[in-house]
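The values are calculated or read from the model by the stated rules, or taken from the named source; none is laboratory data. On a predicted model such as this, the values are computed, not experimentally measured, just so you know. A quick note on method: Cβ atoms are made from the backbone with ideal geometry, for glycine too, and the neighbour counts reach across all protein chains shown. These area figures cover heavy atoms from the full protein model, side chains too; ligands, DNA and RNA do not enter into them. Shrake-Rupley method; radii C 1.70, N 1.55, O 1.52, S 1.80 Å.
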Amino acid sequence: MKRKYVEVWENCLNVIRDNIHMQSFKTWFEPIVPIKLENNVLTIQVPSQFFYEWLEEHYIVLLRKTIKKELGPDGRLEYSIIMDSHNGPTGPLSISYPTSNHKATKNPYVSMPLDLNRGTSKDIPNPFIIPGLKKIKVESQLVESYSFDNFIEGECNRLARSAGWAVAENPGKTAFNPLLIFSPTGLGKTHLAHAIGLQVKTNFPDKTVLYVQTEQFINQYIESVRNNNQNDFVHFYQMIDVLIIDDVQFLAGKEKTQDIFFHVFNHLHQSGKQLVITSDKPPVELKGLEPRLLSRFKWGLSADLQMPDLDTRVSILRRKLYSDGITVPGDVIDYLANSITSSVREMEGALISLIAQSSLNKKSITMDLARQMIDKFVKNTTKEISIDYIQKIVCDYFGLPIDQIHAKTRKREVVQARQVAMYFSKKHTKSSLATIGLQCGNKDHATVLHACKTIANLIDTDKQFRGYAIEIDKKIIQ
Ligand code: ADP
Ligand code: MG
């Protein structure tokens, strides 16, 4: 005989299947496993937090109705979320229906480690007061999913990653103090910073770790001045064993906060505590920061993160899909990794948009959908640049009909346009000289080589020509 909970869930699925598109059903409902039915509460297992949030956001009404229909007005649904094994099992997350606008996750960036906004009401203790020598419990503000396991290693991050790992093994005891991680936005600084914090907590459960965004730090300081408890503020920060401060460039121009941070920094450093700092620039380029602070940033190690190469980008996407429990065809993953070279965040954003597009418009995730989505939704992506495309830009620029490039003519302006097209084809495509020649008026590779040299030479020596070349180049990569 079928177990009751399996049957109940199957009945629910039958209703759901009739009400949503097949593709959405496959993506969001097939992976769900019913686990138990107790006291009119049905527990279902979902592959990830993301999955759960998606269901709550898009299918809550349908789920509520279905559960009511199957289990009566008191029927409830609970989710159990599969987590990576090393994060430990999670208890089922209880959501009863009918629910209010329940939000499962608390945004880690909203909660403050010290709630300075609570004011000084009598029955709420001052959060800064340290009771005797006992350590107060500090909310670390770390995001579980930003772990080392989820941080894919590549040439692009090798130094920063291994320094981060070393720090987590031995906080405050390596030469990497402070550890400063820098890169343009979206390349993994925040992720790596959290990973270090999480790993310290795994290795040393008694150490007090705090992740704080620089803006939070600034606001807390301003608030402490307003409440006249700067000393408590400083004492609190001086208690931390591993202080992770994210996006330190925001301290620029904030002299008072820099002053306080300088003291906190010195105290922690002198007491052998670890500092991890991230910034969008290397220390030498950080403007608006006091020299004495900058010089301290240089005491330890500064390591940068770069844009991951193609293979690493593919691995990052796969890892993300794996932890979200979603399947996407391999060619689509390759396409996304190939098309988006601006930042990891953009690439992940494109993946999420694609999943959303497919679900909301009831289309399966195919290459076509991926192409449309990339064209429409993703800014700053590099198009695939073809020789044809370059010829078109060049001819448009010089006001020539495109067929002239292929014609057997020796007119000066045509010859030069052809040479320019060859030069940029060499620069922007992976085509061989022979292929470029073939497509630009059926010339041989020696002609292309000669063209490339001639144009490079002109760019070097002729200022006006250089101006043209820069403009064409811009149009090509636009
Ligand atoms: P930054 O702080 O540099 O702006 P984030 O740390 O916020 O960048 O990274 C942006 C997104 O890219 C995050 O979702 C992060 O998990 C992901 N990411 C970046 N680098 C990697 C990597 N090497 N492996 C896995 N995910 C990464
Ligand atoms: Mg960041």
**OP:** Write out, first by first residue and then by second, each pair whose Cβ atoms fall under 8 Å of each other, whose residues are 6+ apart or on separate chains, and whose first residue, in region 236-264, is among the small types (Gly, Ala, Ser) while the second is within 16 Å of ligand 2 (Cβ to nearest atom).
**Re:** Ala252/Leu286
Subject >> Single unsatisfied condition, Leu286 versus (1) within 16 Å of ligand 2 (Cβ to nearest atom); (2) in the same structural domain as Thr341 (by TED's automatic domain parsing) >> reply: (2)
**OP:** Pull up region 405-420, narrow it to residues that are part of a helix (DSSP H, G or I) and open to solvent by 30 Å² or more (accessible area, probe 1.4 Å), then point me to the one that is farthest from Ile393 (Cα to Cα).
**Re:** Arg412
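Please find, within region 154-175, the residue that is nearest to ligand 1 (Cβ to nearest atom) out of those that are touching a residue at least 60 places away in the same chain (Cβ under 8 Å) and open to solvent by 40 Å² or more (accessible area, probe 1.4 Å). Steps first, answer last, please.
Pass one, region 154-175, residues touching a residue at least 60 places away in the same chain (Cβ under 8 Å): 154-157, 159-160, 163-164, 167, 171-173, 175.
Okay, now just the ones that are also open to solvent by 40 Å² or more (accessible area, probe 1.4 Å), so 155, 159, 173, 175.
Numbers: Glu155: 11, Leu159: 13, Lys173: 25, Ala175: 24 Å.
The qualifying residue nearest to ligand 1 (Cβ to nearest atom) is Glu155.
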**OP:** Only residues that are among the aromatic types (Phe, Trp, Tyr) and surrounded by fewer than 21 Cβ atoms within 10 Å (Cβ to Cβ): list them for region 188-211, please.
**Re:** Phe204
Subject >> Glu223 being surrounded by fewer than 23 Cβ atoms within 10 Å (Cβ to Cβ), part of a helix (DSSP H, G or I) and within 16 Å of ligand 2 (Cβ to nearest atom) >> reply: no
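Considering only residues of region 177-195 that are within 10 Å of Tyr146 (Cβ to Cβ) and among the aliphatic types (A, V, I, L, M), which is farthest from ligand 1 (Cβ to nearest atom)? Can you show your working first?
Restricting attention to region 177-195, the residues satisfying the condition of being within 10 Å of Tyr146 (Cβ to Cβ) are 188, 190-195.
This time we only want the ones that are among the aliphatic types (A, V, I, L, M), so: 192-193, 195.
On the way: Leu192: 7, Ala193: 8, Ala195: 9 Å.
Out of the qualifying residues, it is Ala195.
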Subject >> Filtered residue count, region 342-357, keeping only those that are over 11 Å from Leu317 (Cα atoms) and in contact with a helix residue (DSSP H, G or I) (Cβ under 8 Å, 6 or more places away or on another chain) >> reply: 4
Subject >> Where Thr257 falls short, out of the listed (1) under 21 Å from Arg158 (Cβ atoms); (2) more than 16 Å from ligand 2 (Cβ to nearest atom); (3) of a type in the set (Val, Ile, Thr); (4) open to solvent by less than 10 Å² (accessible area, probe 1.4 Å) >> reply: (1)
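To keep it simple, each residue is scored yes or no on (1) assigned to a loop (DSSP other than H, G, I, E, B); (2) under 18 Å from Lys256 (Cβ atoms); (3) assigned by TED's automatic domain parsing to the domain that holds Gly253.
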| residue | (1), (2), (3) |
| --- | --- |
| Ser147 | yes, no, yes |
| Trp165 | no, no, yes |
| Val212 | no, yes, yes |
| Asn219 | no, yes, yes |
| Val234 | no, yes, yes |
Subject >> Residue count for region 428-469, restricted to those that are touching a residue at least 24 places away in the same chain (Cβ under 8 Å) and more than 18 Å from His406 (Cβ to Cβ) >> reply: 7
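When the residues of region 421-474 are filtered to those that are outside any helix (DSSP H, G or I) and not acidic (Asp, Glu), which remaining residue is surrounded by the fewest Cβ atoms within 10 Å (Cβ to Cβ)?
Within region 421-474, the match that is surrounded by the fewest Cβ atoms within 10 Å (Cβ to Cβ) is Lys430.
Can you tell me which residue within region 33-72, out of those that are part of a strand (DSSP E or B) and among the charged types (D, E, K, R), is farthest from Tyr5 (Cα to Cα)? Lay out the reasoning, then the answer.
Restricting attention to region 33-72, the residues satisfying the condition of being part of a strand (DSSP E or B) are 33-38, 41-46.
Adding the requirement that they be among the charged types (D, E, K, R) leaves 36, 38.
Working: Lys36: 6, Glu38: 9 Å.
This residue is Glu38.
Among the residues of region 181-199, is any away from ligand 2 (no atom under 16 Å from the Cβ), free of Cβ contacts under 8 Å to residues at least 12 places away in the same chain and farther than 21 Å from Leu293 by Cα?
Residues of region 181-199 away from ligand 2 (no atom under 16 Å from the Cβ): 199.
Right, trim to free of Cβ contacts under 8 Å to residues at least 12 places away in the same chain and you get none.
Checking region 181-199: not a single residue is away from ligand 2 (no atom under 16 Å from the Cβ), free of Cβ contacts under 8 Å to residues at least 12 places away in the same chain and farther than 21 Å from Leu293 by Cα.
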**OP:** Assess whether Ser295 counts as being assigned by TED's automatic domain parsing to the domain that holds Leu192, within 23 Å of Ala175 (Cβ to Cβ) and either open to solvent by 50 Å² or more (accessible area, probe 1.4 Å) or more than 16 Å from ligand 1 (Cβ to nearest atom) (or both).
**Re:** yes
**OP:** Sort out which residues of region 339-356 are crowded, with 16+ Cβ neighbours inside 10 Å and touching a residue at least 40 places away in the same chain (Cβ under 8 Å), and write them in order of number.
**Re:** Ser339, Ile340, Thr341, Ser342, Ser343, Val344, Glu346, Ile355
